[in-house]
1. In peptide A:28-38, how many Cβ atoms from other protein chains are near each Cβ within 10 Å, on average?
2. Helix A:283-298 sits at what angle to the longest principal axis of chain A, using alpha carbons and giving 0 to 90 degrees rounded to 10?
3. In cubic angstrom, how much convex hull volume per residue do the alpha carbon atoms of segment A:246-375 span?
4. Could you sort A:28-39, B:179-190 so that the peptide with the highest average Cβ count within 10 Å comes first and the rest follow in order?
5. Got a sec? Which residues in segment B:29-52 would a label at B:Asp61 touch, if it sits 7 Å along Cα→Cβ and we count backbone N under 18 Å?
6. Choose one of A:Val88, A:His6, A:Tyr192: the residue whose Cα lies farthest towards the positive end of the charge dipole of chain A (beta-carbon charges +1 Lys, Arg; -1 Asp, Glu; about the Cα centre).
7. Place the peptides B:220-232, B:15-27, B:145-157 in order of packing, highest mean first, counting for every residue the other Cβ atoms within 10 Å and averaging per peptide.
8. Considering every residue in A:94-106, what mean count of other chain Cβ atoms within 10 Å of its Cβ is obtained?
Amino acid sequence: MTVTNHRWRKTTNVFMQTLASLCAVLVILPLLLVFFHLVSQGASSINWTFLTRLPKPVGEIGGGMANAIAGTFTLMLLASLLGVPVGVLGGIFLSEYTHRRLNRWIRFTADVLNGVPSITWGMVVYGLLVVPLVLPCRGTVRSVDPAKPVLTVLDAAGTAQEFEVDANTRWDLDGRHQMKSLRPGTDLIIWYHSSGDGQVADHINSASAWRLGVLAIMGLHNSVSGFSALAGATVLGLMMIPLILRTTEEVLQLVPTGYREAALALGIAHWRMIAQIVVRTAMKGIVTGVLLALARVAGETAPLLFTAFGNAYWTHRLTEPIAALPLQIFNYAISPYDDWHRQAWAGALVLILLVSAINLGVRTLTRDRFSQRKT
Amino acid sequence: MVNPLMAKADLGRFGDRAFKGLTLAMALSVFVLIVVIGAELARGSGVAIRQFGWRFLISSDWDPVNEKFGALPFIFGTLVSSAIGLLLAVPLSIGTAVYLTELAPLWIRQPLTIFIELLAAVPSVIFGLWGIFVMVPWLSQNLFPLLQKTLGFLPLFQGPILGPSVLAGGIIVAIMVLPIITSVSREILRSVPDLQREAAYALGATRWEVTRIAVLSYARKGLFGAVILGLGRALGETMAVTMVIGNSPQIAKSLFAPGYTLASVVANEFSEATTDTYLSALFAIGLVLLGVTVLVNGLAQLLLKTFAGPGLKPQN
């Protein structure tokens, strides 16, 4: 029995090899299907109108995604301003300065950060940058009711707004910190949030000239909500940091030690050796890492849902909400309008072309990179 | 007159310290980030935790109107969709990784690898779009009725077929985690020393036997790490799942029933949360999600670090 199981072993061998190749086919099948449908459903809708017009009001046919495309580029640019310096410099530290235990922990934390769900990033930046920037009310005191306690204020439009004051309210009235020191007619800036069926004051400031100036510069005197392009760019930039950190470190490790030693032997300062010799040698790899992080971040939707929020019009200030391609695709896809579905396909095709362009660009950059095995 | 060399060394020393300080500060940002993430989520979920306590995790009430919040349906949905996703993806991924490293002809390997990298690069929302308009209708007309006909005796496959379902969610999760499990497995298999394979060949093993005996058993721990990494990715998958899972906070026996995951509920309801308690409950869900993914990813990193890398020790 055990002597002639050759046939069994041979058959198993062939069977398993076929199975393995079948696995490979099944793995690329979804990709092919998605590409096929993207092109067949979306290609016909990509025209000059689509690329240059704003979306039409809900339910109307036509319009385009110009603001979403521009928004994605804007967000990517701004996010790079945050992600690239921090990530590259951090990667330089990991690679060039050896502190065994510290570096191990930094790497571990960076890898864990890479695994944090993108929606969680969005929630965090929401709490940090969106909520505090919400709706300051600037107005004059009309009446004060210490019993409830409620503060009634006449805002710039003349409407009376009521604000509940609780234990968490911070008072900053240039020395006076009491509700009873408020007189009708005092100019205030009130930062508040909506809660249940009312508004609760978070922070009450006197409306001094410099505060008003700062608000004007930040564009917040007109802001309707706390959602902003800045918040969206921040969350994307933060997500890029651990990605770029790891890729930069790996690329710098590939620079031969001989370069470093030669530079030091010639008397160059240590930091110059790193900044001007090592980093310059690895520049192509660093750029690759940055591009890959950009491609990854360009397609992110979840973190933008409550930071950038989306916008039906052009964004004029960074403190206003901004449209982005993935957001627009998502909103259109779950809508009940057929025309919006059609535009979602077109937008998706534009997005995948953008992401693929970056990825293929990376591939050509690294083409002369050798690998030891030809697999 | 200062010795010019000494002057340069002084400048160098300050520059050295400054540069090192700068890069160190940037590198330490990762610690700051993880702490900020945890702290912010904890702060946001304070109200909900104080109000519901541990019951939050075991209650299946999700009633924004009456302000009763329980996370169980979402935990269930996340677990089921991730489990289905892994069940489908792991055999395919490891099979593909084996194919790529051991069995494929050399000319196929590079293009196939590029394909898989492209699969990884496709944004989640595009898979969701394809899922809503192509995959789910096709499934509800073809695969689901077939499953109900053949396996309908199991409560898993009974019940009305609407299309959006936990099963659809699981399938799309599988598609999303395929590339990462495949690439990491491929790296693991490549790092198995050739000596192992050659020894098996020398003893007369067939190609499959070499793979099974010399490669797969050796790489077991690393492959497990790859699977856990995929699990981490599956748990946090948001957009594609939201678009095909039906978004209904219920716990049902049927795989054809719509479900809801931790990430999906946050994505859908965050901007519409009207009260503090509602928002805080969503933050608490985010905290649960963060805790679970950090644990799973940490475990995966440990497993992979103790296995992979050139020049590794041959014993366990």
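1. Numbers: counts 8, 3, 12, 11, 2, 5, 10, 4, 2, 6, 4.
Counting Cβ atoms of other protein chains within 10 Å of each residue's Cβ and averaging gives 6.
2. The angle comes out near 60 degrees.
3. 165 Å³
4. Ranked from most to least packed, the peptides come out as B:179-190, A:28-39.
5. Correct set: B:47-52.
6. Result: A:His6.
7. Averaged packing, sorted descending, gives the order B:220-232, B:15-27, B:145-157.
8. Numbers: counts 5, 2, 3, 5, 0, 2, 0, 0, 4, 1, 1, 2, 6.
So the per-residue partner count for this stretch is 2.
Bear in mind these aren't lab numbers, they're just calculated from the coordinates by the rules spelled out. These numbers come from a predicted model, not from an experiment. For neighbour counting, all protein chains shown are included, and Cβ atoms are generated from backbone atoms with ideal geometry for every residue, glycine included.
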